[in-house]
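> Before I ask anything, here is the structure I am working with.
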Amino acid sequence: MRERVLRTVWPAVPIILAVATTALLVMVYQADPVQTFSALWEGAFGSPQSTFLTLAFWVPLLLASIGLLMTFTAGLWNIGVEGQMIMGAIAASWVALKWTEAMPNAPHWIFLPCSIILSMVAGALWAALAAVLKTRGGVHEIFGGVALNNLAIITTNYFISGPWQPPEGGTFRGTEPFPEYSLFPLYGNTRFAPLSLVLAIIALIAVALALRGTIWGLRLKALGKNMRASFMLGISSEREAITSMMLCGALAGLAGAVRVLSWFDSLRQSISGGIGFLAILIVLLASLRPLLVVVISLIFSGLLTGGSVVELRTQLHSSLSGIIQGTLVLFMLLFGDYRQLFRKRKTPAEEVAEEQPVPVEAVES
Amino acid sequence: MMFGEEIPRQPRPELRSEKTVLELKDVKIRTYRLTLENINLTVKEGEVLGLAGLEGSGQRLLLQACAGLLPVASGQVLLDGEPLKGKRSPFFWVPWLAAAVFVVRFIWLIVLLASGQINGLRFAGQTGVAILLAGLIWLIGTVLISWTSEDPYHVFKRRGGAYVPAGRLEEGLVSGLSLTEHMVLAEPKQEFVIDWAKARKDIEERIKHYNIKGRPDSRAEELSGGNQQRLMLGLLDSPLRLILLEHPTRGLDVTSADRIWELFQERRREGTAVIFMSADLDELLDRSDRIAVFSGGKMSRILQTSETSIDEIGHLIGGQEL
């Protein structure tokens with residue numbers, strides 16, 4: 001019972017510690033910590049406008065994190081999530097930019113579903129490439145992922161400066177804005193698309209349930225813990241690795257589509273804004289627990305959007321939110337797992353004693 | 001025996017069935033360290049074959065080859081008369097299609113270039129497009145193949161084979177998963193949505209039957225070595241055609257070992273054949289119908305247990321022919 005209470009309450013400890021440390025730091029610079037944090041809060045959730053900004057940033061982050069839940073459960077370090085987002089964004093942009101141009105008479109509602117589906121397919125295929133490189137080519141998914149990330153960035157640059165260049169000429173900044181009907185329907189005057197949040201929640205519930213209660217989720221869990229033993233128990237490691245990578249890629253691709261079709265309105269050079277890498281951090285900090293992923297990703301989005309208001313209100317630089325993030329990560333890594341924390345450190349002798357005594361084989365001849 | 005007291009050999013039921021479960025024909029296994037050649041072997045229903053030899057003499061390689069874990073360099077492994085091999089995917093041709101698409105397109109582009117219909121720049125660009133298209137087809141094909149093909153070992157399992165490795169937490173069990181979760185994974189018929197109540201009931205039954213000291217929620221690494229061994233054996237499906245065992249009773253006390261072998265006897269009555277390797281000569285002599293001795297990658301002629309002795313096996317292990 002105590003164990004369970006501890007487990008639910010514990011995640012708050014590193015957060016409190018991080019806030020306290022940052023407050024001290026702020027005081028060193030002779031600013032008022034209360035004022036700073038209230039500015040941060042207001043910047044993130046203070047007004048409807050800022051809340052929707054935070055939410056709009058949060059949705060793609062959440063989508064990418066949910067995808068990563070699957071690959072991390074399977075023990076796959078899908079660093080390529082950033083590239084998968086970018087490919088999804090490119091696919092969505094293709095529909096929003098070129099299909100709308102090619103089919104001016106088509107009903108307007110048709111483009112958004114096409115964007116969504118195509119972005120998911122593109123993300124999944126990009127992830128499949130990393131997965132196949134791993135299973136067939138022996139390229140570790142981290143290295144394959146990093147390489148494919150760069151390739152994806154180069155591809156964006158190619159489209160922006162090449163075939164999808166705005167008519168007025170080559171700036172390296174982005175394509176021209178997509179027609180409004182090809183975007184996610186936005187809420188009021190904000191960049192927040194309710195539909196994208198609905199999709200993210202559906203994905204979250206589906207993935208959480210699948211990981212917890214289906215044979216597929218259990219196979220991924222087993223694979224992540226011991227690949228060889230899982231194989232011996234009858235799990236096809238290749239099949240599950242590729243499937244989980246592709247599903248993660250599909251969600252990352254959708255995140256990319258949300259970025260171009262709601263946060264922006266065109267394909268930009270820095271389309272993902274580091275969301276993929278941030279998602280990796282979040283999933284690791286949440287130690288693969290879906291609910292914690294939701295909370296931590298929301299905190300991170302709040303910090304990022306709130307940081308700019310802090311700069312306006314106080315004389316502190318907006319990188320304060322970065323400092324909070326950094327300390328948060330540090331404290332989570334230090335104190336995140338209470339079991340590790342309370343466990344008595346063993347001396348090497350004790351560790352040896354704890355291992356199973358291996359019986360001496362009696363070979364008699 | 002480590003201590004003086006002599007434990008009487010248990011009487012073993014004589015089972016004679018003429019139905020062959022496993023047949024090895026001129027099998028050759030080659031690894032970087034050891035080569036096994038000309039292995040011919042037939043194992044009948046209900047038979048127990050023991051593999052003797054010092055660790056690393058080739059008996060483990062043979063076991064792995066029988067399970068499809070190790071490809072044979074030549075020869076055949078037949079399980080119930082049918083060769084044991086992986087299931088080829090019905091999409092095996094797709095990567096070839098990708099290659100064909102590229103080659104055809106490339107030749108066509110060369111023709112266009114030679115006839116002056118496109119210039120060099122366009123030729124290079126179109127070649128790039130052809131590579132991308134072929135790459136996409138190849139990628140989709142490879143994914144489909146991975147989804148639909150089946151490893152030889154998994155075919156072996158599906159056809160009623162079982163393999164129990166010696167490395168309990170390395171190969172046999174997954175650290176961090178509970179006993180119930182192991183039960184779900186080991187179940188031959190798997191529903192997509194897990195029925196936890198049923199799995200719990202099943203594992204409780206196995207815990208009792210196999211005398212495992214552990215709860216359904218215990219994780220595999222929390223069990224002691226002997227209990228891990230019993231768990232691995234307890235997870236085996238029933239009925240089976242063939243069980244391959246690496247050191248089935250290593251680390252078990254005498255009573256547990258007897259209990260384990262009793263359970264194998266039960267299975268033998270169902271027609272299950274057993275091949276096991278062991279370093280314990282008493283176990284080999286007590287439990288097997290026939291014994292094959294390995295020495296430095298060579299398999300001896302197969303001895304009838306009733307006609308052999310510890311001395312003979314000992315000499316064969318040392319590499320002496322009698």
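> So if we plug the beta-carbon distance of residue B:97 and residue A:295 into 1/(1 + (r/R0)^6) with R0 = 45 Å, what FRET efficiency do we get, rounded to 0.05?
Details: r = 48 Å, r/R0 = 1.06.
Rounded to the nearest 0.05, the efficiency is 0.40.
> When the helices in chain B are scored as -39500 (n - 2.57) per DSSP H run of 4 or longer and the sum is shared across all residues, what 222 nm value do you end up with, to the nearest 500 deg cm²/dmol?
-12500 deg cm²/dmol
> Please find, in a Gaussian network model of chain A (springs between Cα atoms separated by less than 10 Å), the residue of A:46, A:273, A:213 whose mean-square fluctuation is greatest.
Result for chain A, Cα springs under 10 Å: A:213 fluctuates most.
> Once you wrap a convex hull around the alpha carbon atoms of region A:31-167, what is its projected area averaged over all directions, in nm²? Kindly include the intermediate steps, with their values, before the conclusion.
On the way: hull surface 51.2 nm².
Seen from a random direction, the Cα hull of region A:31-167 projects 12.8 nm² on average.
> Distance between the C-alpha centers of region A:1-57 and region A:114-173? Whole Å please.
35 Å
> Highest GNM mean-square fluctuation, chain B, Cα pairs closer than 10 Å: which of B:177, B:144, B:284?
Looking only at B:177, B:144, B:284, the largest GNM fluctuation is found for B:144.
> Just need the relative contact order of chain A here, percent rounded to a whole number, with Cα pairs under 8 Å and 6+ apart. Write down the numbers at each step before the final one.
Details: 559 pairs, mean separation 121.4, N = 365.
Relative contact order of chain A: 33 percent.
> Over the alpha-carbon set of chain B, divide Rg by the Kirkwood Rh and report the Rg/Rh ratio to two decimals. The partial results should precede the final answer.
Details: Rg = 25.7 Å, Rh = 22.7 Å.
Computed over Cα atoms, the ratio is 1.13.
> Still on this structure, please answer the following. Based on DSSP, what percent of beta bridges with both residues in the protein assembly as shown are antiparallel, to the nearest 5?
55 percent
> Then there is this: Rounded if a/c is under 1.5, else prolate if a/b beats b/c, else oblate: with a ≥ b ≥ c from the C-alpha gyration tensor eigenvalues square-rooted, which is region A:130-241?
Values: a/c = 4.58, a/b = 1.58, b/c = 2.91.
Oblate.
> Suppose R0 equals 56 Å. What FRET efficiency, 1/(1 + (r/R0)^6) with r the Cβ-Cβ distance, do residue A:154 and residue B:311 give to the nearest 0.05? The partial results should precede the final answer.
On the way: r = 73 Å, r/R0 = 1.30.
The pair residue A:154/residue B:311 has a calculated efficiency of 0.15.
> Which of A:242, B:137 has the fewest other C-beta atoms within 10 Å, and how do the rest follow up to the most? Each step should come with its number before you reach the end.
Numbers: A:242 26, B:137 19.
Arranged by neighbour count, lowest to highest, A:242, B:137 become B:137, A:242.
> What number do you get for chain A when its Cα radius of gyration is normalised by 2.2 N^0.38 Å, N = residues? Walk me through the numbers on the way to the answer.
On the way: Rg = 23.3 Å, N = 365, 2.2 N^0.38 = 20.7 Å.
Ratio of Cα Rg to 2.2 N^0.38 Å: 1.12.
> Would you work out the relative contact order for region A:101-183, in percent, from Cα pairs under 8 angstrom that are 6 or more residues apart?
28 percent
> Still on this model: Kindly provide the chymotrypsin sites (Phe, Trp or Tyr not before Pro) of region A:1-73 that DSSP labels as loop, not H, G, I, E or B, and whose Cβ sees at most 14 other Cβ atoms within 10 Å.
Here the sparse-neighbourhood loop sites are A:29.
> Which of B:308, A:175 has the fewest other C-beta atoms within 10 Å, and how do the rest follow up to the most? Please list the in-between numbers first.
Numbers: B:308 17, A:175 21.
Lowest count first: B:308, A:175.
> Another question about this same structure. Kindly provide the GluC sites (Glu not before Pro) of region B:234-322 that DSSP labels as loop, not H, G, I, E or B, and whose Cβ sees at most 11 other Cβ atoms within 10 Å.
On the way: sites: B:246, B:262, B:266, B:270, B:283, B:307, B:312, B:321; in loops: B:270, B:321.
Listed in order of number, the matching sites are B:321.
> Above 11 angstrom, tally the Cα pairs of region B:141-182 and express them as a % of all pairs, no decimals. Show your work: numbers first, answer last.
Details: 638 of 861 pairs.
I get 74 percent for the Cα pairs in region B:141-182 exceeding 11 Å.
> Given springs between every Cα pair under 10 Å in a Gaussian network model of chain B, which of B:71, B:90, B:152 has the largest fluctuation?
B:90
> Can I ask one more? Which helices pass in chain A if a helix is a full DSSP H run, must span at least 27 angstrom along its long axis by Cα, and must have mean Kyte-Doolittle hydropathy not below 0.0? Write out the running numbers ahead of the final one.
Numbers: long enough: A:48-73 (36 Å, 1.42); A:111-135 (35 Å, 1.81); A:141-161 (29 Å, 0.99); A:194-213 (28 Å, 2.32); A:237-258 (32 Å, 0.93); A:290-313 (35 Å, 1.74).
Helices passing the filter in chain A: A:48-73, A:111-135, A:141-161, A:194-213, A:237-258, A:290-313.
> With the contact rule set at Cα under 8 Å and sequence spacing of 6 or more, what percent relative contact order holds for region B:174-236?
Details: 68 pairs, mean separation 27.1, N = 63.
For region B:174-236, the relative contact order is 43 percent.
> While we're here: Once you have a ≥ b ≥ c as the square roots of the Cα gyration tensor eigenvalues for region B:147-207, tell me rounded if a/c is under 1.5, and otherwise prolate or oblate according to whether a/b is larger than b/c. Present the calculation step by step, with values, prior to reporting the outcome.
Details: a/c = 1.85, a/b = 1.24, b/c = 1.49.
Note, shape of region B:147-207 comes out oblate.
> Same structure again: Excluding the sites themselves, what is the longest stretch of chain B that contains no chymotrypsin sites (Phe, Trp or Tyr not before Pro) in a DSSP loop with at most 11 other C-beta atoms within 10 Å? Mind showing how you got there, number by number?
Working: sites that count: B:3, B:32, B:192.
The longest such stretch corresponds to B:33-191.
> Give the Rg/Rh ratio for the protein assembly as shown, taking Rg as the radius of gyration of the Cα atoms and Rh as the Kirkwood radius, to two decimals. Don't skip to the end; give the middle numbers.
Values: Rg = 31.2 Å, Rh = 29.3 Å.
In the protein assembly as shown, Rg relative to Rh is 1.06.
> Any idea what Rg and Dmax come out to for region A:198-289 if you just take the C-alpha atoms, in Å?
Considering region A:198-289 through its Cα atoms, Rg and Dmax are 15.7, 50 Å.
> Could you tell me the distance between the Cα centroids of region B:97-119 and region A:78-94, to the nearest Å?
If you average the Cα positions of each part, the centres end up 31 Å apart.
> So what's the projected area for region B:94-148, the Cα convex hull averaged over all directions, in nm²?
Working: hull surface 12.9 nm².
Averaged projected area of region B:94-148's Cα convex hull equals 3.2 nm².
Every number here is computed from the coordinates shown, using simple stated rules; none is lab data. These figures come from a predicted structure and were not determined experimentally. Cβ coordinates were reconstructed from backbone atoms using ideal geometry, including for glycine residues, and neighbour counts include every protein chain displayed.
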